[in-house]
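Have a look at the structure below before the remarks.
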């Protein structure tokens, strides 16, 4: 499996005001999904059902959460949002690749 970059840390708000609780909660949800899915994708032999579950978690929970952050009034940095989206895309590819390898065995 290709090495995934580190999940981007939540940046400081440039306005000096802390991010809202909603942003922090959304970030924790994203981070939790990414950490668990990345661990699973890094194993050569992972359970196909777990891999499918995390593919679904990324596509049906993480991506919509990131889209909601982008659409919010919080004005999160577009570069950070882009980096997160790229990471989630790479994670989906890694999970699918691991799942495909496990099917062949």
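Please state which one of 67, 45 is surrounded by fewer than 13 Cβ atoms within 10 Å (Cβ to Cβ) and outside any helix (DSSP H, G or I).
Working: 67 fails: outside any helix (DSSP H, G or I).
Among 67, 45, only 45 is surrounded by fewer than 13 Cβ atoms within 10 Å (Cβ to Cβ) and outside any helix (DSSP H, G or I).
Which residue is modelled with the lowest pLDDT, if the candidates are limited to segment 1-41 and must be crowded, with 16+ Cβ neighbours inside 10 Å and in a loop (DSSP other than H, G, I, E, B)?
4
If you go through segment 83-98 one residue at a time, do you hit one that is over 17 Å from the mean Cα position of the chain (by Cα) and surrounded by 13 or more Cβ atoms within 10 Å (Cβ to Cβ)?
Let us first name the residues in segment 83-98 that are over 17 Å from the mean Cα position of the chain (by Cα), namely none.
So far as segment 83-98 goes, no, none of its residues is over 17 Å from the mean Cα position of the chain (by Cα) and surrounded by 13 or more Cβ atoms within 10 Å (Cβ to Cβ).
The values are calculated or read from the model by the stated rules, or taken from the named source; none is laboratory data. Remember, predicted model here, so these are calculated numbers, not experimental data. All Cβ positions, glycine included, derive from the backbone under ideal geometry; neighbour counts span all protein chains shown.
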